[in-house]
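Asks: The following block contains the structure, expressed as structure tokens.
The values are calculated or read from the model by the stated rules, or taken from the named source; none is laboratory data. Since the model is a prediction, treat every value here as computed from it, not as a measurement. For neighbour counting, all protein chains shown are included, and Cβ atoms are generated from backbone atoms with ideal geometry for every residue, glycine included.
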Amino acid sequence: MGEHKHCNEANCTCPKTTCPRHGTCCECIMNHRGNGSLVYCMREIAAKQK
């Protein structure tokens, strides 16, 4: 995984650029699932579905 770490950083829409999971989607998703919150990049999509 080392070579792919932060491979999505350029496309990450999350404004929290100091987050250690910024640009590492799988780690970000696991973190948010663990605390029951929605990842930033999916919030707009979720709001449209309401």
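Asks: Need the failing condition index for residue 7 against (1) in a helix (DSSP H, G or I); (2) out of contact with any Leu (no Cβ under 9 Å at 6 or more places or on another chain), just the number.
Replies: (1)
Asks: I've got another one for you. Pull out all pairs, ordered by first then second residue, where Cβ-Cβ is under 7 Å, the residues are six or more apart or on different chains, the first lies in the stretch 15-32 and is free of Cβ contacts under 8 Å to residues at least 24 places away in the same chain, and the second is surrounded by fewer than 18 Cβ atoms within 10 Å (Cβ to Cβ) and part of a helix (DSSP H, G or I).
Replies: Close Cβ pairs (under 7 Å, with a partner that is surrounded by fewer than 18 Cβ atoms within 10 Å (Cβ to Cβ) and part of a helix (DSSP H, G or I)) amount to 21/27; 21/31; 22/9; 23/9.
Asks: Filter the stretch 17-50 for residues that are of a type in the set (D, E, K, R) and modelled with pLDDT of 95 or more and give the result.
Replies: 33
Asks: While we're on this one: Can you pull out every residue in the stretch 36-50 that is of a type in the set (D, E, K, R) and touching a Ser or Thr at 6+ places or on another chain (Cβ under 7 Å)?
Replies: Those that are of a type in the set (D, E, K, R) and touching a Ser or Thr at 6+ places or on another chain (Cβ under 7 Å): none in the stretch 36-50.
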